[in-house]
Amino acid sequence: MFKLPRALIAVLLAAISLQAADNNPPRRPARNASDAELNQAATQANTDPTAFRKFARLSPHVHLDAANRAHVICQALPAGAQIGPDTTPFTGTAPFPLTQTFLLHSRPGAARVIYLDFKGHTTTGTPWNNSTSAGASFTTPPFDLDGNPTAFSDVEQAAIQEIWKRVAEDYAPWEVDVTTQDPGVEALRRTASSDTQYGVRCVIGGSSAQWLGSAAGGVAYIGTFGGLVATGAANDIPAFVFPAQLGNSTKAIAEAAAHECGHTLGLYHDGTTAGVEYFGGQGNWAPIMGVSYYKAVTQWSRGEYPLANNTQDQMAIIGSRIPLVAADHGVNSTTATPVAGDSLTAGGIIRSSTDGAWYAIQAGVGPLSVTALAASSSPDLKIGLTLVDASGGTVATATATGLNGMNASLSANLTVPGAYFIVLKGVADGTGATQYSNYASAGRFSLAGSWASLATPPPPPVFPPVASTLGTAPTSGPAPLTVNFSSARSTQTNGTTLRYLWNFGDNTVTSDLANPTHIYGRVGSYTATLTVIDGINLINTTSVVINVTTAPVTPPPPVTPPPVATNIIDVGAMKAGWYDIVNGRPVRRESDHDGDDDDKPVNRYHPLAPQGYFYCFITIVDVAGKPVSGATVSLTASGLASGKVQGRTDRLGQIEVVTPRMSATQKGSITFTVTGVQLSGKVYDSTRNAVTTVTVTR
Ligand SMILES: [Zn+2]
C-alpha cells in the first residue's frame, strides 16, 4: 500500500464519478448534442437556452465536455495573413513606465476583474483539464515574442501594455478592472452566490498546440464569468489566448482577449445567415465577437449589419453581469457639469449610445474651440461633439479627426455671450455598406477647450443728478418773509451722496444745507438757485422765484393769557423786620417794605432796648390770591443770622420765622429767601411769586 496525498484522492474520485454519471466523451461538438443537453449547457452557462441552441447548431467550434459544459474554440489567424493595420511585428514604445507593466489597472478596486495573465499559468482542477488532458494539469508559458520565455524584454512589456490598453477600452463602460496584476484566485473565482468579488483570468501565452490539440486563436468556456465553481480543489476557469496562432500581433491578441472574455460573459459569434461564422465587418469596422483582427474600429454589436445571424444585445448582456460605471459627468442640460472660467480640461467614459457628457460653460463673444480625443490605440468610442446654446439649439458641430475619425474637433465664433453646453456623445459613422451605428460607440475620452471670457458687464451709464426745489414754501408773502427751502425732491443715480449749494438771490448769505431757512427782509422778487453736486462731481442747477411783498398793516392779535392751572400756589407776600425786646416783650420796629408811609428808617430802634431779633412773615396764596393753609414753606436766612427753617402756613396762609435774639447793637443785614413750598395736591410755581426774597438792614 502507498499513501496518496489527500487532495489527489479527491480529484481522482471526482473524475471517476463524472465518468460514471454519463458516457459522454471528454469533448464533442455541440451541434450534434440533443436539445436537452444543449439546454443543460445553457443553464450551466447562465445564458438563454434558445439563443445558445441556435449558436451551437450553427457553429462547428462550440463543444460540450463530458459534464455538458460548453466551450468555444475560436478562429486563429490564417497562416501568413495580413493583420489589418498591424502588418509588422510590434516594436512600439511602452505607453507607461516599464516598471508599471504588471501593475496596470483600468478601474482599481472594482469588484469585477479581467486579469490579463501574461506570466504563465498552470491550469489545475478545471473543466479544461477534464475536457483536454484527462484531468491532468497543464502549463501555459509566459508571453514571449523573442524566444526567451524567462524574461520580459522591453518590447514584450510594451506589447503587454498595448494589449492591456486595447482590452481596457473594450470594457471601459463597465465596472470591471482590467488588470495585468495578479489579483489572486479568490478575486477571480466565485465560490458562492454571496461572493461579489469575481471575474475571469485570460491566460495569454504559448500555442494552442501545447495542450488543446487544435489550432485556435483563443478558447473560452461560455458564461463562466460569475458562474459558481465548486469549493475545495476547484480553481478559477480561465479563458485562453494563443499568441502563436495570432502572429504575435498585439492587436490580434487584444481582439482575441476581448472576444474570449466576451464568451465568458455569455456572448456568441457574430456571423451571417450566409454561412459565415465570423463576420469580418464592413468599412473600417468589425464586431469583436466576429473576427476583428483586420479592422481598425472594433466594437460590441447587436447584429445591425446585413445578414447578421446574432442579434444578442451584447452591451446589455455584459451589463447583466457587470454593472455600468457611474456617470463621471452631467448627462443632460439640467445635470451638466459646471465649468468655471474660460477653459476646460476633462476626461471620462461614455457608457452607451444614450449617454452623453454635458459641460455647462459661460462664454463671451469670440472664438471657441474644443478638442476631444478618444482612447489611443483602439478606441471603441467615436466622438460626436456639439455646442448647444441655453435654449437647446445647436450652435456648432465637430469635425471628425484622427484615429480613424474617432476624435473630434469643434470651433465656433460666438457672437452672443452667455451660457452654452459642450456635449460629447458616442456617434455612428459611415453610410450604407460601410456604416456602423452608435450602438457600441462607447469608451474613454479626454476633452480640452477654451473660449472667450464672459466680459465684465459694461458700467451703467452715468447720469448727472437732478436738482429740485419742489416743496419750498412759502414762495411769496409780505416782508419779512421766512422761506423754508427744500431740496428733498432732488435725485441722483450714481449711488453717491449729494451736496447742496443755495444762493438765495438777495446778495446775502448762501447755504450748503439740504433744506435751509432764509428770511427775506426787503420787498422784491428774488431768484433763488439750488445747485446739487453728486459724488463724482456731476452738477445740476434749478431755481425758484420768491416774491416778497409789502407787509399789510394788521392789528396785533388780542393777547389772551394762557390759562392757569387752578392748583398752583405761590408766595403772595413776604414781610420782614426787627423786633426790640422792650420790657421783655417784642415791639415791632421795622419797615414792612411795602413802600407806603409807615416805612420807617430801620435804625429807629428803641434806645433802651438792649436786644431784639429779626422776623419774616410769608404768605402763600392760590391762583385766586386766597391764602393757603397747611403749606410747608422752606426758607433760608443769611447775613447776621443764617440757617434753614421750615414751617406750615396757618389759617391766614401765613408763617412767621424769627431769628434768635441778638444784641441791639448788631449792625448789618439779613436776607430771607423762600426755597420751596409744598402742599399735597398743589403745584408750587415760583415764577408766579410776588416776592421770593427780602432783605432787612439795620
Ligand atoms: Zn469565439
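The values are calculated or read from the model by the stated rules, or taken from the named source; none is laboratory data. Since the model is a prediction, treat every value here as computed from it, not as a measurement. Please note: Cβ atoms are built from the backbone with ideal geometry, for glycine as well, and neighbour counts cover all protein chains shown.
Restricting to the stretch 460-469, count the residues that are more than 13 Å from ILE546 (Cα to Cα) and either at pLDDT 85 or above or among the hydroxyl-bearing types (Ser, Thr, Tyr) (or both).
4
With respect to ALA390, is the statement that it is of a type in the set (A, V, I, L, M, F, W, C) and closer than 27 Å to ILE288 by Cα true?
Here the answer is no, as ALA390 does not meet what is asked.
Among the residues of the stretch 189-228, what is the count of those that are outside any strand (DSSP E or B), more than 16 Å from HIS263 (Cβ to Cβ) and aliphatic (A, V, I, L, M)?
Result for the stretch 189-228: 3.
Do we have ASP195 as more than 16 Å from the ligand (Cβ to nearest atom) and under 17 Å from ASN129 (Cα atoms) here?
Judged against the criteria, ASP195 is not a match.
Does TYR359 qualify as being closer than 26 Å to SER59 by Cβ and of a type in the set (Phe, Trp, Tyr)?
In short, no.
List pairs: first in the stretch 380-392 and surrounded by fewer than 24 Cβ atoms within 10 Å (Cβ to Cβ), second of a type in the set (Lys, Arg), Cβ under 9 Å, 6+ apart or cross-chain?
GLY384/LYS425; THR386/LYS425
For residues that are among the small types (Gly, Ala, Ser), surrounded by fewer than 16 Cβ atoms within 10 Å (Cβ to Cβ) and either over 56 Å from the mean Cα position of the chain (by Cα) or modelled with pLDDT of 90 or more (or both), tally how many sit in the stretch 477-527.
Of the residues in that region, 5 qualify.
Can you name every one of the strands (runs of 3 or more DSSP E) wholly within the stretch 640-698 that holds 2 or more residues which are under 22 Å from THR566 (Cβ atoms)?
669-678
Under the condition of being closer than 18 Å to VAL72 by Cβ and of a type in the set (Ser, Thr, Tyr), which residue from the stretch 274-297 is nearest to the ligand (Cβ to nearest atom)?
Step by step, filter the stretch 274-297, then rank; the result is TYR278.
Among the numbered conditions (1) farther than 15 Å from ASP380 by Cα; (2) among the aliphatic types (A, V, I, L, M); (3) more than 16 Å from the ligand (Cβ to nearest atom); (4) crowded, with 20+ Cβ neighbours inside 10 Å, tell me where ALA252 comes up short.
(3)
Just one of the numbered conditions (1) buried (at least 18 other Cβ atoms within 10 Å of the Cβ); (2) of a type in the set (A, V, I, L, M, F, W, C); (3) at pLDDT below 90; (4) more than 25 Å from ARG698 (Cβ to Cβ) is not true of ALA631; which one?
Of the numbered conditions (1) buried (at least 18 other Cβ atoms within 10 Å of the Cβ); (2) of a type in the set (A, V, I, L, M, F, W, C); (3) at pLDDT below 90; (4) more than 25 Å from ARG698 (Cβ to Cβ), the odd one out for ALA631 is (3).
If you go through the stretch 43-69 one residue at a time, how many are within 14 Å of the ligand (Cβ to nearest atom), under 16 Å from GLY275 (Cα atoms) and more than 54 Å from the chain's Cα centre (by Cα)?
6
What pairs come up if the first residue lies in the stretch 474-500 and is over 24 Å from ILE519 (Cβ atoms), the second is β-branched (Val, Ile, Thr), and their beta carbons are under 6 Å apart, counting only those six or more places apart or on different chains?
From residues that are over 24 Å from ILE519 (Cβ atoms), the pairs are THR491/VAL466; ASN494/ILE536; LEU498/VAL532.
Restricting attention to the stretch 328-345, does a residue exist that is within 29 Å of GLY199 (Cβ to Cβ), among the hydrophobic types (A, V, I, L, M, F, W, C), crowded, with 19+ Cβ neighbours inside 10 Å and touching an Asp or Glu at 6+ places or on another chain (Cβ under 9 Å)?
No; the residues of the stretch 328-345 include none that is within 29 Å of GLY199 (Cβ to Cβ), among the hydrophobic types (A, V, I, L, M, F, W, C), crowded, with 19+ Cβ neighbours inside 10 Å and touching an Asp or Glu at 6+ places or on another chain (Cβ under 9 Å).
Matching residues to (1) free of Cβ contacts under 8 Å to residues at least 12 places away in the same chain; (2) touching a strand residue (DSSP E or B) at 6+ places or on another chain (Cβ under 9 Å):
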residue: ALA360; (1), (2): no, yes
residue: LEU368; (1), (2): no, yes
residue: SER377; (1), (2): no, no
residue: THR394; (1), (2): yes, yes
residue: LEU403; (1), (2): no, yes
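Take the conditions in contact (Cβ under 8 Å) with a residue 40 or more places away in the chain and within 16 Å of the ligand (Cβ to nearest atom) and apply them to GLY271. Does it pass? Give the steps one after another, and end with the answer.
Numbers: in contact (Cβ under 8 Å) with a residue 40 or more places away in the chain: yes; within 16 Å of the ligand (Cβ to nearest atom): yes.
Here the answer is yes, as GLY271 does meet what is asked.
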